[in-house]
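A.B. asks: One structure coming up, written as structure tokens, with questions to follow.
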Amino acid sequence: MKNGILNWNVDPVIVMITDSFPLKYYGALFACGLLLGFYIVRNIYKKENLSLDNLDSLLIYVIVGTVLGARLGHCFFYEPAYFFKHPIEILLPIQKIKGVYQFVGYQGLASHGGSIGVITAMILYCRKYKVQFLGLLDKMAVAVPVTGAFIRMGNFMNSEIYGKPTNGNWGVVFQIDDLIPRHPTQLYEAFSYLLIFGILFYMYKIEKIRDVQGLIFGSFLTLLFSARFIIEFFKENQETFENNMLINMGQILSIPFILIGLGLIFWKSKQKENIKFS
């Protein structure tokens, strides 16, 4: 670090498992975040004396919903023209390089798509196992910000999804790409998600709030996507088509989640007007 500027030049690859299959920080942190989130939900189930019989199935639903939704979200929200021409690359972690398909891992995952994927997976899970939908989403909402924080730390280790240039002493030079001090927006998001986790966990501990199904989930949507909307102002656009937009795609996609969250808070608060944060 020089003059408050961190020079970041970490190899995204932890180790090469085979000659063509790397283990990257992003993938490892993504997996750790999912498992930690599952551990939090499991503890919530135990504290509420709920059955753990189908909880392992919940993890599978979450993983499939997250990865599939995030992948489809990136392909259709950010690069539809390319992936309509290369549909095989949507679900397979390959890319055609010099006429030959090579394993490259998934080169794009969109958090908004992941959110839609998880909610869809939860609908299917609740239908199959006869679980109350909003009650489950409340429990998931407490854990998801922790998973999100780990994913953003993975982005930081990969030197990707970084911010615009800054003159501040907190700037980070991602030397893999250039020598310009930038906002470490991955860390901004990670820290904000951990703060949101603290707020939601506090809300969950208050029985009057916990009993109003959907209130914690509504607060989760409002807080997390509001943070995302604000931080996007400091972030470089992911695709060139966003350069001519008043707000970028990440902000546009955040607005419906914020509105749904506010709607849930208003609706559920009306049902329980005597809620007190004490």
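The values are calculated or read from the model by the stated rules, or taken from the named source; none is laboratory data. Quick caveat, the model's predicted, so the values are computed rather than measured. Note: ideal-geometry Cβ built from the backbone for every residue, glycine included; neighbour counts use all protein chains shown. For the accessible areas, the whole protein counts, side chains as well, though only heavy atoms, and no ligand, DNA or RNA atoms are used. Shrake-Rupley method; radii C 1.70, N 1.55, O 1.52, S 1.80 Å.
A.B. asks: Translational diffusion coefficient, Stokes-Einstein: compute it for segment 204-246 using the Kirkwood radius over C-alpha pairs as Rh, at 25 °C and 0.890 mPa s, and state it as an integer in µm² s⁻¹.
C.D. replies: 191 µm²/s
A.B. asks: Taking Cα pairs under 8 Å and at least six residues apart, what relative contact order does the chain come out at, in percent?
C.D. replies: The normalised contact order for the chain reaches 20 percent.
A.B. asks: Set Lys and Arg Cβ to +1 and Asp and Glu Cβ to -1, take the dipole of the chain about its Cα centre, and tell me which of Leu136, Ile180, Tyr82 lies farthest positive.
C.D. replies: Selected residue: Leu136.
A.B. asks: On average over all directions, what projected area in square nanometres does segment 167-278 have, based on the convex hull of its Cα atoms?
C.D. replies: Directional mean of the projected Cα hull area for segment 167-278 stands at 9.0 nm².
A.B. asks: Using only alpha carbon positions, build the gyration tensor of segment 1-74, then give the equivalent ellipsoid semi-axes as the square roots of 5 times its eigenvalues, largest first, whole angstrom.
C.D. replies: Result for segment 1-74: semi-axes of 33, 19, 13 Å.
A.B. asks: So, one more: Take the solvent-accessible surface of the protein heavy atoms, probe 1.4 Å, and return the percent of it on the chain that carbon and sulfur atoms account for.
C.D. replies: 64 percent
A.B. asks: Just the projected area, averaged over all directions, of the convex hull on the alpha carbon atoms of segment 117-189: how many nm²?
C.D. replies: 6.2 nm²
A.B. asks: Heavy-atom accessible area per residue, the chain, 1.4 Å probe: how many Å²?
C.D. replies: Value for the chain: 53 Å² per residue.
A.B. asks: Using only the C-alpha atoms of segment 84-218, find the volume of their convex hull and express it per residue in Å³.
C.D. replies: 154 Å³
A.B. asks: Still on this structure, please answer the following. Compute, for the chain, the length of the dipole vector about the Cα centre, with Cβ point charges of +1 (Lys, Arg) and -1 (Asp, Glu) only. Units Debye, rounded to 20.
C.D. replies: 800 debye
A.B. asks: Could I ask something else about it? Can you give me the three principal axis dimensions of segment 1-136 from its C-alpha atoms, in Å, biggest first?
C.D. replies: Computed over segment 1-136, the largest-to-smallest principal extents equal 53, 45, 32 Å.
A.B. asks: About the Cα centre of segment 56-139, how large is the charge dipole given +1 on each Lys and Arg Cβ and -1 on each Asp and Glu Cβ? Please answer in debye to the nearest 20.
C.D. replies: About 160 debye.
A.B. asks: How big is the accessible area of Asp56 in square angstrom, nearest 10, if you roll a 1.4 angstrom probe over the protein chains?
C.D. replies: For Asp56, the solvent-accessible surface is approximately 100 Å².
A.B. asks: So if I place +1 on the C-beta of Lys and Arg and -1 on the C-beta of Asp and Glu, and nothing else carries charge, what would the dipole magnitude of segment 3-67 be about its Cα centre? I want it in debye, nearest 20.
C.D. replies: Roughly 200 debye for segment 3-67.
A.B. asks: What is the pair-distance distribution P(r) of segment 41-99, computed from all Cα-Cα distances in 5 Å bins starting at 0, with each bin given as a whole percent?
C.D. replies: Histogram of Cα-Cα distances, whole percents per bin: 4, 15, 18, 15, 11, 9, 8, 8, 7, 3, 1, 0.
A.B. asks: Turning to a different aspect of this structure: Of the GluC sites (Glu not before Pro) in segment 113-221, which ones lie in a loop per DSSP and count no more than 10 other C-beta atoms within 10 Å?
C.D. replies: Passing sites in segment 113-221 do not exist.
A.B. asks: For the chain, list log₁₀ I(q)/I(0) at each q in 0.11 Å⁻¹, using the Debye formula over Cα point scatterers of equal strength and ignoring solvent, two decimals each.
C.D. replies: Normalising to I(0) and taking log10 leaves -0.69.
A.B. asks: Once you have the alpha carbon radius of gyration of segment 108-150, what is it after dividing by 2.2 N^0.38 Å, with N set to its residue count?
C.D. replies: Normalised by 2.2 N^0.38 Å, the Cα Rg of segment 108-150 equals 1.22.
A.B. asks: Follow-up. Amide H to amide H under 5 Å from Lys164: which residues, 5+ apart in sequence or cross-chain, H placed 1.01 Å off N in plane?
C.D. replies: So Lys164 has HN proximity to His183, Lys235, Glu236.
A.B. asks: So which residue, out of Phe220, Phe150, Phe233, gets the largest mean-square fluctuation from a GNM of the chain using Cα contacts under 10 Å as springs?
C.D. replies: Maximum fluctuation in the GNM of the chain, among the listed residues, is at Phe233.
A.B. asks: On to the next question. May I ask you to derive the FRET efficiency for Asn244 and Lys270 from their Cβ-Cβ distance with R0 = 41 Å, giving the value to the nearest 0.05?
C.D. replies: 0.50
A.B. asks: Can you find, among Gly113, Leu92, Leu264, the residue farthest towards the positive end of the dipole of the chain? Put +1 on the C-beta of Lys and Arg, -1 on that of Asp and Glu.
C.D. replies: Leu264
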